[in-house]
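To start, the structure under review is shown below, and the notes come after it.
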Amino acid sequence: MYTQFLGNYLLQRGIVTQDQLFEAMSRLSQTHIKLGTIAIKEGLMTAKEVDECLYVQSREDKRFGEIAIERGYLTEDQVNDLLSMQTPDYILLGQNLVEDGVFSYEDLERILFDYRNDTELYDLSLDVENQDAIAAIISKFFLVAEMPVEPTNVMYLELMFNSLIRFVGEDFSPLTPMVLDEYPITFGVSQAISSERDYVTHIDCDRETAIAFASRYANEEFAEFDEYVIAALEDFLNLHNGLFIVNVSNDTSQTISLAPPEITMEGVLSGPNKCVDFPVAYPFGTIHLIICF
Amino acid sequence: MNISGKKILVCDDSVLARKQLMDAVKEVSEGAVFIEGKNGSEAVDLYKSEKPDLVFMDIVMPEKDGNTALSEIKEFDNEAVIIIVSSVGTQDQLKKAIQLGAKDFIQKPFEKNQIQEIIELRLGGK
């Protein structure tokens, strides 16, 4: 999930455009990490040293590791350690953006440093993603005063990002949440959750985006906006909310229940207090996940 | 596996969920006759009129939920073979469904082999 969070960070700061981000994300599964990138991430080489070795590599038929050892930047043991390391996808995302010419290795070094400082997370090493770290990022960047940092709210968002990764695809970037008094519906599905507090959850998007979203979710190619597309959005929301209430009921003594999902083609969504829109950008369009409470 | 003539009632308010379940059954077997219901009330009515051999049923449905329908069907026919298929699998709901007489509980999203096991176990020996 760090990849999605880094994507959000880069977008928010105007370091990348949405198109550049999606292009780099779309190649994640085919990309292999380069020794230089991981050496920067581990703080063993500076970006300048990596650039220097890459320049030499472009003129001599040698491996990057050999050149770095020759020049005294790395020892043989360090090269072997780096080669055996598992690399998190967010580093690959950075490497792809360097290769696309969006920024340089030197920029990447600075961005990763700033990112770690801003998130106050110094160990994003994660071959196994750290749940506490994810909760901390969600609390800091995605929960707003109107939707306070409470364990169930953090759990809801964490699960939401996980459900998107699991059922739709990992090539998305969460955008900045927006607090609204009401939300004008484009097309979507709503589902109420009743617990100590009542919530209405809603997923909203335009029809073209819905077709693409449904195709991925159902693993079928839908060509037009039909009952299956609508049902796929219902199923996704119902599935995600279902997983949430299972987690809540397992972790706490709260009684929590779900109403059946409802299709909403028009109108305005509002809660007794506020609605928070969590937009999520995919290459095929933006999905709005809205929680009114 | 050939299950010619066996009637399977698939009850879910989502047309996609019904389609995916029927597709999964068709992939692992042949010959089943499907009956579709989209809420608990339809499930009870269709069970009484069609007497299916196997029922797949969601829990969260409009009009009448899956557990209520399950209880009414079991009252009508204590031998009914009902499998709950739901994304809402809290311990309480699972316990309740089993107490009410559900034979099994499948958590969505299901895997094809789960459906295969159910078909083999529930319709294979008949």
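Hey, can you tell me all the residues within region A:176-204 that are crowded, with 20+ Cβ neighbours inside 10 Å, under 22 Å from A:VAL144 (Cα atoms) and at pLDDT 90 or above?
Of everything in region A:176-204, those that are crowded, with 20+ Cβ neighbours inside 10 Å, under 22 Å from A:VAL144 (Cα atoms) and at pLDDT 90 or above turn out to be A:SER190, A:GLN191, A:ILE193, A:THR201, A:HIS202, A:ILE203, A:ASP204.
With the structure loaded, tell me whether A:ASN247 is in a helix (DSSP H, G or I) and either away from every other protein chain (no Cβ under 14 Å) or at pLDDT below 90 (or both) or whether it fails that test.
Spelling it out, A:ASN247 is indeed in a helix (DSSP H, G or I) and either away from every other protein chain (no Cβ under 14 Å) or at pLDDT below 90 (or both).
What about A:ILE185, is it in contact (Cβ under 8 Å) with a residue 24 or more places away in the chain and within 13 Å of chain B (Cβ to nearest Cβ)?
no
Scan region B:64-109 for residues that are more than 9 Å from chain A (Cβ to nearest Cβ) and either in a loop (DSSP other than H, G, I, E, B) or in contact with a strand residue (DSSP E or B) (Cβ under 6 Å, 6 or more places away or on another chain) (or both) and report the count.
So the answer is 21.
Just give me the residues in region A:250-293 being closer than 18 Å to B:ASP65 by Cβ and assigned to a strand (DSSP E or B), in sequence order.
A:SER257, A:LEU258, A:GLU262
Against the conditions (1) more than 27 Å from A:ARG216 (Cα to Cα); (2) away from chain A (no Cβ under 14 Å), where does B:LYS26 fall short? Just the number, please.
The single condition B:LYS26 does not satisfy is (1).
So which residues in region B:2-23 are away from chain A (no Cβ under 12 Å) and either free of Cβ contacts under 8 Å to residues at least 40 places away in the same chain or of a type in the set (S, T, N, Q) (or both)?
Once the filter is applied, which keeps residues that are away from chain A (no Cβ under 12 Å) and either free of Cβ contacts under 8 Å to residues at least 40 places away in the same chain or of a type in the set (S, T, N, Q) (or both), region B:2-23 yields B:ASN2, B:SER4, B:GLY5, B:MET22.
How many residues are modelled with pLDDT under 90, in a helix (DSSP H, G or I) and of a type in the set (A, V, I, L, M) if we restrict to region A:78-92?
4
What number goes with the only condition from (1) under 20 Å from B:ILE115 (Cβ atoms); (2) of a type in the set (A, V, I, L, M, F, W, C); (3) away from chain A (no Cβ under 14 Å) that B:VAL44 does not pass?
The failed condition is (1).
Among the residues of region A:226-244, how many are in contact (Cβ under 8 Å) with a residue 24 or more places away in the chain, hydrophobic (A, V, I, L, M, F, W, C) and more than 7 Å from chain B (Cβ to nearest Cβ)?
Number satisfying all stated conditions: 5.
Just checking, how many residues over region B:110-120 are assigned to a loop (DSSP other than H, G, I, E, B) and away from chain A (no Cβ under 12 Å)?
Summing the residues that are assigned to a loop (DSSP other than H, G, I, E, B) and away from chain A (no Cβ under 12 Å) in region B:110-120 gives 1.
Looking at this structure, is A:ILE138 at negative phi, crowded, with 20+ Cβ neighbours inside 10 Å and either assigned to a helix (DSSP H, G or I) or touching a residue at least 12 places away in the same chain (Cβ under 8 Å) (or both)?
yes
For region A:1-34, which residues satisfy the criterion of being surrounded by 22 or more Cβ atoms within 10 Å (Cβ to Cβ) and either touching a Gly at 6+ places or on another chain (Cβ under 7 Å) or small (Gly, Ala, Ser) (or both)?
A:GLY7, A:LEU21, A:ALA24, A:MET25, listed by residue number.
Can you go through A:SER173, A:SER253, A:SER257 and tell me which one is touching a residue at least 60 places away in the same chain (Cβ under 8 Å), more than 28 Å from B:LYS19 (Cβ to Cβ) and either more than 14 Å from chain B (Cβ to nearest Cβ) or surrounded by fewer than 20 Cβ atoms within 10 Å (Cβ to Cβ) (or both)?
After applying the criteria, what remains is A:SER173.
Can you confirm whether B:ASN67 is surrounded by 15 or more Cβ atoms within 10 Å (Cβ to Cβ) and at negative phi?
When the stated conditions are applied, B:ASN67 passes them.
The values are calculated or read from the model by the stated rules, or taken from the named source; none is laboratory data. Just so it is clear, the model here is predicted, and its values are computed rather than measured. Cβ coordinates were reconstructed from backbone atoms using ideal geometry, including for glycine residues, and neighbour counts include every protein chain displayed.
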